[in-house]
Amino acid sequence: MNDIQKNEGYQPYQAIQYDAFAEDVQAVSHIKLLFIIARRWRMVIGLSLIISIVIIPFIWLIGRNYFETECAVRVTPIISPILFRDFESDIPMPNYENFVNTQAALMSSNNVLNRVADELNGKGLEFFEGEDNYAIALKLAIKRSKIVVEPVMNTELVSLGMKTPKPRQAEQILNAFIRAYMGVIASDEVRGGDQKLAILEEKRRRMEDQISRQREEIRRLAEEYGTATLGGRYEMMLQQVVSLQNEATTLEIQRMSLEANIKMSEGQVSQQLRPDELLGLRNTFVNSDLTMQTLSADLAEQETLVLELKQVMVADSDRLLQQAAVLTSLKESIKQREREMIEKFNTEFQAAMVMNKQYNLTDLKSQLETNKEYGKRMLDTLQKANHEAIRMGRKQLTINNLQEKLARMKDIANTVNQRIDQLQLERKRPARVTIAYMASSVPAQSMKIRFTVIVIFASICFSSMLILLLEKLDTSLRSPEDLASSAGINIIGTTTSPENIDSAMLTRLLAEDYRTIRANIGLIKPNTSKKIIVVTSPGIGDGKTTFAVNLATSFAKSGKKTLLIDGDLRKPDIAATLNLPGNLRGLQDLLEGAEPQRAVYTMPLTGIDILASDRSNTANALDILARPDTAKTIRSICTHYDHVIIDTPPLLAFTDAMLWAKIADGIILTSFVDRTCSSAFKEAVERIGQIDTTLIGAVVNNVQNNDSYRYSGFGYDCGEEYGIVGWPLKEDKDAALLLATQPQQDTDPKT
């Protein structure tokens with residue numbers, strides 16, 4: 001068991017997504033079946049042709065010749081196409097189509113079948129061989145479609161048909177049907193026409209009586225107003241009611257306003273004035289007093305005299321003192337008079353306010369009584385007008401209902417009259433149902449053609465089922481889910497197939513594929529070093545070299561110092577894949593003692609250090625890797641790097657990968673959709689489990705875009721949101737990254 005399987009607490013992100021989408025896989029299984037058939041369409045067509053070529057000749061050799069026997073009756077419209085056809089569409093009206101269908105059903109009724117059985121009894125027809133009851137035999141033949149009775153579309157014909165190898169007997173049977181049906185329809189038409197005419201005549205009489213009563217009732221209701229149309233008068237009445245209602249509403253509002261004013265007047269002691277208004281009235285009253293005016297004039301004159309004396313006399317002169325005393329006396333007199341006038345104003349003002357309040361209250365009560373009396377008369381008038389409007393409206397409604405009933409009765413009466421006229425005309429016209437032509441036979445379309453078509457269709461179905469069975473037995477991987485379910489290994493990522501994808505979009509998708517793989521590698525046991533990683537595959541052509549180059553490029557783009565080692569000494573491809581100089585053999589030089597600086601080649605575009613190899617050690621590759629100092633030398637140079645990616649030969653073909661795995665910290669298995677065998681992959685996993693190494697997980701190459709495991713496939717955009725630093729999208733067009741679209745370079749030309 002590998003380290004990933006031992007780690008109970010870890011489940012890769014993409015494996016979790018696989019479990020979440022297990023139900024969706026089942027939901028689209030039928031679509032996958034169609035894709036399988038479409039992929040192997042050449043095999044389906046070839047196998048179908050072989051089956052058809054083998055079976056179809058037998059059908060044409062043993063098939064019997066059949067004849068089609070047919071007769072028909074003609075069902076014409078009643079009188080004229082005007083009554084039964086729509087000229088715009090030129091399609092028979094439903095009543096005519098229903099009549100034709102009814103006649104077709106009548107041909108297979110018991111009445112007709114009994115007449116046919118009586119006519120054919122004793123004629124020794126092979127059709128009735130072994131049958132005791134001919135009528136039942138005919139009914140079963142119709143039910144099993146041996147005898148077909150059906151209207152002919154877009155015609156006036158109802159046909160009867162048979163397909164048998166005995167045309168003369170078929171003609172006898174169908175002619176007997178025609179004669180029996182014509183006998184039944186002729187008697188039914190005469191009897192039915194008389195019954196219909198009698199019923200319609202009685203109905204017309206009743207309708208005329210009802211129309212007469214309705215007219216008399218309308219005339220009686222319209223006598224009061226002299227007309228049956230009361231719309232104008234009713235509108236005038238409604239306008240009068242609305243006008244009276246508006247006036248009543250106005251009176252009610254006035255009444256409520258008067259009552260409110262009366263309550264306010266009764267509860268108010270005196271009319272309230274603003275202080276400034278009250279002060280102005282009081283000042284006006286005081287100033288209008290003659291005494292106050294005289295005292296004010298004397299005061300002004302005395303003040304003038306005192307001022308003049310102060311200017312010519314000393315302050316303590318007797319005259320000045322005497323005039324000052326007079327001035328003081330005048331001021332006191334003015335104040336005393338002002339107090340008296342204010343008291344007089346207050347007394348007179350209160351009395352005036354009481355009188356004014358009483359007058360206003362009396363006036364408001366008088367207005368209220370007038371309003372109530374007028375409002376009472378207004379309500380009486382309104383009630384009478386409203387009652388009259390309702391009565392007139394009900395009468396108009398009754399008249400309208402009677403008029404509508406009268407109109408409907410007239411329509412029904414017209415329809416009845418028309419139908420009576422039609423029936424009377426039908427009696428004068430030729431027979432509606434006539435024989436179009438008697439039975440005749442022609443060679444039928446051979447059943448051989450039908451069986452041939454059936455064989456071709458069946459061969460295609462059989463071939464498709466066989467292809468699906470072969471697909472089921474095919475153990476090649478079809479999707480990442482197949483790998484996860486068959487090998488029981490964690491999938492750390494996928495690379496997108498270039499099929500049906502634009503080249504510009506493919507670069508972006510591949511960039512995100514390797515971001516996802518790089519991130520998932522870091523998620524596996526984060527505390528454990530994954531510095532040296534071996535990339536291998538079960539067999540040849542699984543895209544391991546392309547994956548190793550792109551994984552190293554991805555690590556380098558993220559800012560990590562990365563070394564890429566071409567560990568496949570048997571068929572080294574990295575130098576040719578990256579267009580490196582042809583004489584590079586850095587790995588062999590390093591193992592032979594060369595300085596690391598001379599052995600390592602640095603790519604200027606991506607910043608990857610590369611230990612390339614050549615084909616000079618193909619024969620002794622295993623001996624070189626098995627030497628004791630090889631592991632020491634590799635681990636020594638790896639101490640200078642953050643990540644080391646080693647490309648190795650296929651695991652099941654050579655043991656080189658196992659030797660490299662003992663040097664590395666972990667191993668990644670690559671696979672290729674539609675190329676890697678699931679059993680081979682499972683065997684590779686078992687071999688890795690036998691040695692002391694860590695299986696990091698599997699990578700599936702050439703996966704359809706819908707099955708990709710990249711993070712953006714789960715609803716996120718590409719970019720640095722994943723925590724992958726140092727790889728902006730503008731650099732995704734790196735030549736090394738585009739090599740993921742060329743896994744065939746991993747294939748050995750000799751194979």
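The values are calculated or read from the model by the stated rules, or taken from the named source; none is laboratory data. Small disclaimer: the values here were computed from a predicted structure and weren't measured. Glycine also receives a Cβ, built like all others from the backbone with ideal geometry; neighbour counts cover every protein chain displayed.
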*Hey, among the residues in region 542-554 that are more than 16 Å from residue 696 (Cα to Cα) and under 45 Å from the mean Cα position of the chain (by Cα), which one's surrounded by the fewest Cβ atoms within 10 Å (Cβ to Cβ)?*
550
*Among the residues of region 555-570, count how many are surrounded by fewer than 20 Cβ atoms within 10 Å (Cβ to Cβ) and not small (Gly, Ala, Ser).*
3
*asked:* Going residue by residue through region 614-623, is there one that turns out to be touching a residue at least 12 places away in the same chain (Cβ under 8 Å) and either over 21 Å from residue 656 (Cα atoms) or touching a Ser or Thr at 6+ places or on another chain (Cβ under 8 Å) (or both)?
replied: yes
_Restricting to region 91-148, and then to whatever is among the small types (Gly, Ala, Ser) and touching a helix residue (DSSP H, G or I) at 6+ places or on another chain (Cβ under 7 Å), can you tell me which residue is surrounded by the most Cβ atoms within 10 Å (Cβ to Cβ)?_
117
*Could you identify the single residue in 186, 180, 198 that is of a type in the set (Gly, Ala, Ser) and either part of a strand (DSSP E or B) or surrounded by 17 or more Cβ atoms within 10 Å (Cβ to Cβ) (or both)?*
180
*So which residues in region 38-90 are surrounded by 12 or more Cβ atoms within 10 Å (Cβ to Cβ), within 25 Å of residue 423 (Cβ to Cβ) and at pLDDT below 80, if there are any at all?*
77, 78, 79, 81, 83, 84, 85
*In region 108-143, what residues are in contact (Cβ under 8 Å) with a residue 40 or more places away in the chain and charged (D, E, K, R)?*
115, 119, 123, 126
*Filter result for residue 708 (modelled with pLDDT under 85, surrounded by fewer than 21 Cβ atoms within 10 Å (Cβ to Cβ) and not charged (D, E, K, R))*: no
*If you check residue 653 against the conditions, is it surrounded by fewer than 22 Cβ atoms within 10 Å (Cβ to Cβ) and in contact with a helix residue (DSSP H, G or I) (Cβ under 6 Å, 6 or more places away or on another chain)?*
no
*Could you tell me which residue of region 231-250 is modelled with the lowest pLDDT, considering only residues that are of a type outside the set (Ser, Thr, Tyr) and farther than 18 Å from residue 384 by Cα?*
231
*Can you spot a residue in region 611-624 that is within 20 Å of residue 548 (Cα to Cα), out of contact with any helix residue (DSSP H, G or I) (no Cβ under 9 Å at 6 or more places or on another chain), of a type outside the set (Phe, Trp, Tyr) and modelled with pLDDT of 85 or more?*
yes
*Quick one: which of 338, 303, 343 is in a helix (DSSP H, G or I), surrounded by fewer than 12 Cβ atoms within 10 Å (Cβ to Cβ) and among the charged types (D, E, K, R)?*
343
*Would you say residue 700 is modelled with pLDDT under 85 and within 48 Å of the chain's Cα centre (by Cα)?*
no
*Failed condition for residue 598, given (1) surrounded by fewer than 17 Cβ atoms within 10 Å (Cβ to Cβ); (2) touching an Asp or Glu at 6+ places or on another chain (Cβ under 8 Å); (3) modelled with pLDDT under 85*: (3)
*Restricting attention to region 251-286, which residues are over 18 Å from residue 363 (Cα atoms), modelled with pLDDT of 80 or more and surrounded by 12 or more Cβ atoms within 10 Å (Cβ to Cβ)?*
252, 280, 283
